[in-house]
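To start, the structure itself, in structure tokens.
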Amino acid sequence: MIVTSPKKASKYFRAKMEFTTGPVELDAMIKRQENIHIIDVRRPEDFKLGHIPGAINKCRAVDASFAGLSRDKVNVVYCYSFECHLAASAAREFAENGYPVMELEGGFEAWKEHNLPVEV
């Protein structure tokens, strides 16, 4: 049996809640017009097929600049799915360069699974 530390668990989940959000929560933030900026880090051809309304495409393999990011808003970053680490990698890079960030858990796949609006 694995014994976990309640203190470590508390610290982990506090950080997780501060720096991640789910699709339903993001949709609510959009509807409330919260101070967020949505960043899609998928490939441009996938972005063109559909993305979260209002998102901008910042595929790091194509555009390594920080143009389009905001220091005055929380940049909510997403990629393809739970298995994809592109969003986490981009979020880390953005944060290291002074941009406030959160990651959308489950990426665009989770967004679509919740039947939330998609912009083409």
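Remarks
- Scanning segment 24-68 for residues that are of a type in the set (S, T, N, Q) and out of contact with any helix residue (DSSP H, G or I) (no Cβ under 7 Å at 6 or more places or on another chain), we see that the one that is nearest to Arg92 (Cα to Cα) is Ser65.
- Where a residue in segment 36-47 is open to solvent by 10 Å² or more (accessible area, probe 1.4 Å) and its partner, wherever it lies, is at pLDDT 95 or above and charged (D, E, K, R), with Cβ under 8 Å and at least six apart: Ile36/Lys73; His37/Lys73; Phe47/Asp40
- Within the set Met29, Met17, the sole residue that is closer than 29 Å to Arg60 by Cβ, part of a helix (DSSP H, G or I) and open to solvent by 100 Å² or more (accessible area, probe 1.4 Å) turns out to be Met17.
- Odd one out for Ala61, checked against (1) farther than 15 Å from Thr21 by Cβ; (2) touching a residue at least 40 places away in the same chain (Cβ under 8 Å); (3) open to solvent by 70 Å² or more (accessible area, probe 1.4 Å); (4) not polar (S, T, N, Q): (2)
- Whichever residue in segment 67-120 is among the basic types (Lys, Arg) and in a loop (DSSP other than H, G, I, E, B) and, among such residues, is surrounded by the most Cβ atoms within 10 Å (Cβ to Cβ): Lys73
- Members of segment 45-83 found to be of a type in the set (A, V, I, L, M, F, W, C), within 20 Å of Leu116 (Cα to Cα) and under 15 Å from the mean Cα position of the chain (by Cα), listed by number: Phe47, Ile52, Ala55, Ile56, Val76, Val77, Cys79, Phe82
The values are calculated or read from the model by the stated rules, or taken from the named source; none is laboratory data. Remember, it's a predicted structure, so these values are computed and weren't measured experimentally. Here Cβ is always computed from backbone atoms with ideal geometry, including for glycine, and neighbour counts include all displayed protein chains. We work out accessible area using only protein heavy atoms, side chains counted, and drop any ligands, DNA or RNA first. Shrake-Rupley method; radii C 1.70, N 1.55, O 1.52, S 1.80 Å.
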